[in-house]
Amino acid sequence: MSGSCSSSCSSASTCGTKEAQQAQAAQQENAISRSLGKIKHKILVMSGKGGVGKSTVSVNLALALANNGHKVGLMDVDLHGPDVVRMLNLQGTLQPSATPDGLIAPLQYNDNLKVVSLEYMMKDRDEAVIWRGPLKMQAIRQFVGDMDWGNLDYLIIDAPPGTGDEPLTVAQIIPLVKAVVVTTPQQVALADVRKSIRFCKAVKMEIVGVVENMSGLVCPHCHEVVEVFKSGGGEKTARDFDLPFLGRIPLDPQVVSGSDDGVPYLASGADSPAAQAFANVVKAIELRLPPGKPSGPLPMAGCPCASV
């Protein structure tokens, strides 16, 4: 008799736990939908290989769009190696404050740019994040649903290299997210980038275009561009896959020092071939994803706004 009672209590407890979990999951899904409903364009900046300057592109893209008067969010989902906070030299509170409706306030870089990164929530920013897939997936879901993003024209998402948990989670929970694929001109990088392009096709994520970063070196003396790492590989890859080529950005020593100093290149007021090249990339993205229009299918590669 007692055994039967114990079994019934255990079953009821398990049932109650499952119901609570389901209710919590449904509540989070609603929160994610509400948050995404206020964001016009979601852009995942990704690469198949590390060291191609993907975070630099993400940070400066977000900043450039904000400087152009658009409302922008920057979400760092590179959970094991978050760099966005340091690159922007954000000194916000380690524990974010909650808004009146229970959401968490992102860090405010300026009037037009909000930032979320795991790093600014950590007591020790040098602590290693040792997480398996489920924890990473839950963190990204909370970055979307629990944050007070408000109304945005663009949400820029900085992903880690490769095609693992983080970009896959973004593809699954953010409908109509589109990818900007970053590469360098070398064949080793291009081989991995081709995998990123095939990943996007596999998960049915449209690609805004390809950016060739570190395409030559801006000489610090004469400011001419020297082709140290070759150039043109990114454009050829885009052409092979019938994708828009958004432009080449040369490597500039000022970009490196700006990132280390927490002063993004496009916030420094510097004027160089790299700054002009990046401005052209931003213009190409704005043409393909106009800030005044909600997200929808991209124009075909042959369309006049497919390349600039």
What do you reckon, is residue 79 surrounded by fewer than 23 Cβ atoms within 10 Å (Cβ to Cβ), closer than 23 Å to residue 141 by Cβ and among the hydrophobic types (A, V, I, L, M, F, W, C)? yes
If you check residue 33 against the conditions, is it modelled with pLDDT of 90 or more, touching a strand residue (DSSP E or B) at 6+ places or on another chain (Cβ under 6 Å), of a type in the set (Gly, Ala, Ser) and assigned to a helix (DSSP H, G or I)? no
Within segment 52-76, residues being crowded, with 24+ Cβ neighbours inside 10 Å and among the charged types (D, E, K, R) number 2
For segment 281-290, does any single residue satisfy the condition of being assigned to a loop (DSSP other than H, G, I, E, B), surrounded by fewer than 17 Cβ atoms within 10 Å (Cβ to Cβ), at pLDDT 80 or above and on the phi < 0 side of the Ramachandran plot? yes
Restricted to segment 204-233, and to residues that are closer than 22 Å to residue 285 by Cβ and not in a strand (DSSP E or B), which residue is modelled with the lowest pLDDT? 231
Qualifying residues in segment 153-192 (those that are assigned to a helix (DSSP H, G or I) and of a type in the set (Gly, Ala, Ser)) - the one modelled with the highest pLDDT: 171
Taking the condition surrounded by 21 or more Cβ atoms within 10 Å (Cβ to Cβ) and either of a type in the set (S, T, N, Q) or closer than 25 Å to residue 176 by Cβ (or both), does residue 88 pass? no
Unmet criterion (only one of (1) within 22 Å of residue 35 (Cβ to Cβ); (2) out of contact with any strand residue (DSSP E or B) (no Cβ under 8 Å at 6 or more places or on another chain); (3) surrounded by 15 or more Cβ atoms within 10 Å (Cβ to Cβ); (4) touching a residue at least 40 places away in the same chain (Cβ under 8 Å)) for residue 121: (4)
Filter segment 68-122 down to the residues that are at pLDDT below 80 and β-branched (Val, Ile, Thr), then identify the one that is nearest to residue 171 (Cα to Cα). 99
Filter result for the condition that a residue is among the hydrophobic types (A, V, I, L, M, F, W, C) and free of Cβ contacts under 8 Å to residues at least 24 places away in the same chain, over 107, 176: 107
Only listed residue being at pLDDT 75 or above, in contact with a Ser or Thr (Cβ under 8 Å, 6 or more places away or on another chain), part of a helix (DSSP H, G or I) and among the basic types (Lys, Arg), chosen from 195, 236, 201: 195
Would you check which residues across segment 27-66 are among the hydroxyl-bearing types (Ser, Thr, Tyr) and under 22 Å from residue 193 (Cα atoms) and list them? 47, 55, 56, 58
Would you call residue 138 in contact with a Lys or Arg (Cβ under 8 Å, 6 or more places away or on another chain) and either over 28 Å from residue 189 (Cβ atoms) or part of a loop (DSSP other than H, G, I, E, B) (or both)? no
Which of the residues spanning segment 172-185 are surrounded by 15 or more Cβ atoms within 10 Å (Cβ to Cβ) and touching a helix residue (DSSP H, G or I) at 6+ places or on another chain (Cβ under 8 Å)? 173, 174, 177, 179, 180, 181, 182, 183, 184, 185
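The values are calculated or read from the model by the stated rules, or taken from the named source; none is laboratory data. As the structure is a prediction and not an experimental result, all values here were calculated from the model. Reconstructed Cβ throughout: ideal geometry from the backbone, glycine too, with neighbour counts over all protein chains shown.
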